[in-house]
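The values are calculated or read from the model by the stated rules, or taken from the named source; none is laboratory data. All of these numbers come straight from a predicted model, not from anything done at the bench. Note: ideal-geometry Cβ built from the backbone for every residue, glycine included; neighbour counts use all protein chains shown.
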Amino acid sequence: MSGGPLSSFSKQGILLLSILHYGVGISLFNKAVGDSVELPSGLEREGIKSMEWKYKKMVIAEFDRNISLPKSQFKGRLEMNDSNFSLTIRELSLQDSGEFLVSAASNKGGQIPTKTIHLQVHEPISKVEIQKEIKLLANQSCSVWLLCNVSVGSNLSYTWERGNETYRDDQQIHFSLSPADGDIRVTCNASNLVSEKSASTTPQTLYDKITFGRQPEDPSSSYQEVL
């Protein structure tokens, strides 16, 4: 079977990276389409004279004695907290991904260092299918190709499980199968930072289906199916 052993870095660890701090004053938020997100400003109203949120260099929320929300692509989905200036965006879409900047001036007249937040919105995985191709060989063994298909999803990674073995691999795997191998279940787990789904198959069942009634001397043949 192609591929290498899965590293000890667990999926739980990956999901904990939904909020990453990868630089001073810079944060990354990963969210799914349709989710809401609250972006922290790191500020408190006391001591702040004025502040503003920018998205792709355009002001989308500001405070100067009062809160105002200028017209933007977030119209009707945006709210700014009046005590800590956190920014809540509802019903996220892929187009909401991008860079948000928070800048502020204190009552003492000084500028507070700008904070940068990156928001990445991902399409959650909707359905996983395993496409199978089995080629019967003359010695009654067969070659098996399995392809993990995801109908909707972005930034995907794949993990294959075969019996007691777990592998991180590409979207497709290949291995040999013989009657002595028994009913070994193979599972494809597709995941991204916001979702995970899987599909399973038992290649031996298909092997029995295509070899039933064949003679050992029959020429090589193939069989395709989508789970």
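Does GLY76 satisfy the condition of being closer than 30 Å to GLY153 by Cβ, among the small types (Gly, Ala, Ser) and exposed (fewer than 13 other Cβ atoms within 10 Å of the Cβ)? It would help to see each step written out before you state the result.
Details: closer than 30 Å to GLY153 by Cβ: yes; among the small types (Gly, Ala, Ser): yes; exposed (fewer than 13 other Cβ atoms within 10 Å of the Cβ): yes.
Here the answer is yes, as GLY76 does meet what is asked.
From the list SER176, SER195, exactly one residue is more than 18 Å from GLN131 (Cβ to Cβ) and in contact with a Cys (Cβ under 8 Å, 6 or more places away or on another chain). Which is it? Step through it out loud before you land on a result.
Working: SER195 fails: in contact with a Cys (Cβ under 8 Å, 6 or more places away or on another chain).
Only one candidate passes the filter, namely SER176.
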Checking GLU44 against (1) modelled with pLDDT of 95 or more; (2) in a loop (DSSP other than H, G, I, E, B), the condition it does not meet: (1)
Yes/no for GLY153 being among the small types (Gly, Ala, Ser), under 16 Å from the mean Cα position of the chain (by Cα) and at positive phi: yes
Segment 130-184, subset among the aromatic types (Phe, Trp, Tyr) and free of Cβ contacts under 8 Å to residues at least 60 places away in the same chain, residue surrounded by the fewest Cβ atoms within 10 Å (Cβ to Cβ): TRP145
